[in-house]
Structure formats: structure tokens, C-alpha cells
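First comes the structure, then the notes that go with it.
Just so you know, all these numbers are worked out from the coordinates, no wet-lab data involved. Quick caveat, the model's predicted, so the values are computed rather than measured. As a convention, Cβ positions derive from the backbone with ideal geometry for all residues, glycine included, and neighbour counts pool all protein chains shown.
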Amino acid sequence: MSTPVSQQSADGQRPVHTPAALIAFAWTLVGVPLAYGLYQTVKTALTLFTG
């Protein structure tokens with residue numbers, strides 16, 4: 001019976017798994033200012049084009 005082969009990348013190292021909470025925190029850290037900036041841009045553009 002064969003033993004399972006561990007998954008390895010091309011350079012022979014095992015892949016690193018990033019915790020889901022860290023990914024969510026990073027997206028929040030980037031997404032909140034991005035959303036605010038887009039909101040401000042749309043709000044300003046509407047006043048520019050609607051008078």
C-alpha cells in the first residue's frame with residue numbers, strides 16, 4: 001500500500017496557509033478606505049454634472 005504524497009510546490013516547500021481572519025482583516029483594511037473614496041468621488045461627480 002502506498003503512502004500519500006504531501007503536497008509541495010515546485011521549489012520543494014510545503015504551501016503556507018494564511019488564516020482566514022488575517023485575510024478578512026486585510027480586505028477590511030483596504031476595502032473601507034476604498035469604499036469611502038469611491039463614495040466621495042461619486043458624490044462629487046454628481047454635484048459636478050447635475051449642477
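Structure summary
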{"read-out": "FRET efficiency estimate (nearest 0.05) - Cβ-Cβ, THR44 to ALA24, R0 35 angstrom", "value": "0.70"}
{"read-out": "Vicinal HN-Hα couplings computed from phi for segment 18-28 (Karplus, 6.51 cos²θ - 1.76 cosθ + 1.60; Hz; Gly/Pro x)", "value": "8, x, 4, 5, 5, 5, 4, 5, 5, 5, 5"}
{"read-out": "Derived scalar couplings ³J(HN,Hα) [segment 34-42; Karplus, 6.51 cos²θ - 1.76 cosθ + 1.60; whole Hz; x for Gly, Pro]", "value": "5, 5, 5, x, 5, 4, 4, 5, 5"}
